[in-house]
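Have a look at the structure below, then the notes.
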Amino acid sequence: PDYGGRVDVPLGNVSIHVVIPPANELPHTMAGRDFLLLFECLDVSSVIVLWALLLAEQKVLLQARQTHVLTMAAESLCALLFPFSWQHVYIPILPASLLDILQAPVPFLIGIDEEVLGMAEQGGLVPDDVVQVDLDASSIVCDPDVARAIRLPQKQYHKLYK
C-alpha cells in the first residue's frame, strides 16, 4: 500500500490489518511508555550522546539484564532518529549464535543480555570501537577518540537538553 494506506490480508479465518503510516508522521511509540523506560535507564545527557552516536553511525551495544528493557531502549533510540531511520544492522536482542556480528566492520545497534555479553567478553569478541551502554548501571563506555568526535555544539546541546 501507499503511505497512509491500509490493507487487510486474509490468513486462514483471520484478517490481518497492515497499515503504512504517512511518511511525515511521527513513529509509533506505544503512547510514550517506551521513551519513559529509556529515560528511567539513562539520564537526558546520556540519551543525547547516544542519539549523536547513532547519527554518526557508530557501533552501539546496549546491555541489560532484562530483555524487554533492551527492546524498548533500542526501539526508542530508533524513534528518536526521526525523520531519519536506522539503515544498518539492528538486533534488539542478540542470540549467542550470532556473537560474531560484533566483529562486523559496519555500524550497528545491538542489544545483549548479561549471559550473552559474558560469553562475548570471555571470547574477546567485543572490539574497542564498540560503544557499550549499560542500561542497568546508567553508563556509557566508549573509546576516547569516539567521544571526542561526537561533541555537539553547546548551543544545540542545551536546546536538546531543555
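Some points to look at:
- With the charge dipole of the chain set up from +1 on Lys and Arg Cβ and -1 on Asp and Glu Cβ about the Cα centre, the Cα lying farthest toward the positive end among the listed residues Pro95, Leu109, Leu77 is that of Leu77.
- When you count the other C-beta atoms within 10 angstrom of each residue and take the mean per peptide, 153-162, 55-64, 76-85 line up highest first as 55-64, 76-85, 153-162.
- P(r) tail fraction, the chain - alpha-carbon pairs more than 29 Å apart, %: 26 percent
- Area of Arg148 that stays accessible when all protein chains are in place (1.4 Å probe, Å², to 10): 140 Å²
- Stokes-Einstein diffusion coefficient of segment 56-116, Kirkwood radius over Cα pairs, 10 °C, 1.306 mPa s, in µm²/s: 134 µm²/s
- The charge dipole of segment 54-162, taken about the Cα centre with unit charges on the Cβ atoms of Lys, Arg (+1) and Asp, Glu (-1), comes to about 740 debye, rounded to the nearest 20.
- With every protein chain in place, segment 59-162: carbon and sulfur % of accessible area (1.4 Å): 54 percent
- Annotation: amide H-H contacts under 5 Å for Val89 (H modelled 1.01 Å from N, sequence separation of 5 or more, or interchain): Leu109.
- Per residue, segment 65-162 exposes 60 Å² of accessible surface when a 1.4 Å probe is rolled over the protein heavy atoms with every protein chain present.
The values are calculated or read from the model by the stated rules, or taken from the named source; none is laboratory data. Note that the structure is a prediction, hence the values are computed from the model and not measured. Here the Cβ is made from the backbone with ideal geometry for all residues, glycine too, and neighbour counts use every protein chain on show. Just the protein is used for accessible areas: all its heavy atoms, side chains included, with ligands, DNA and RNA removed. Shrake-Rupley method; radii C 1.70, N 1.55, O 1.52, S 1.80 Å.
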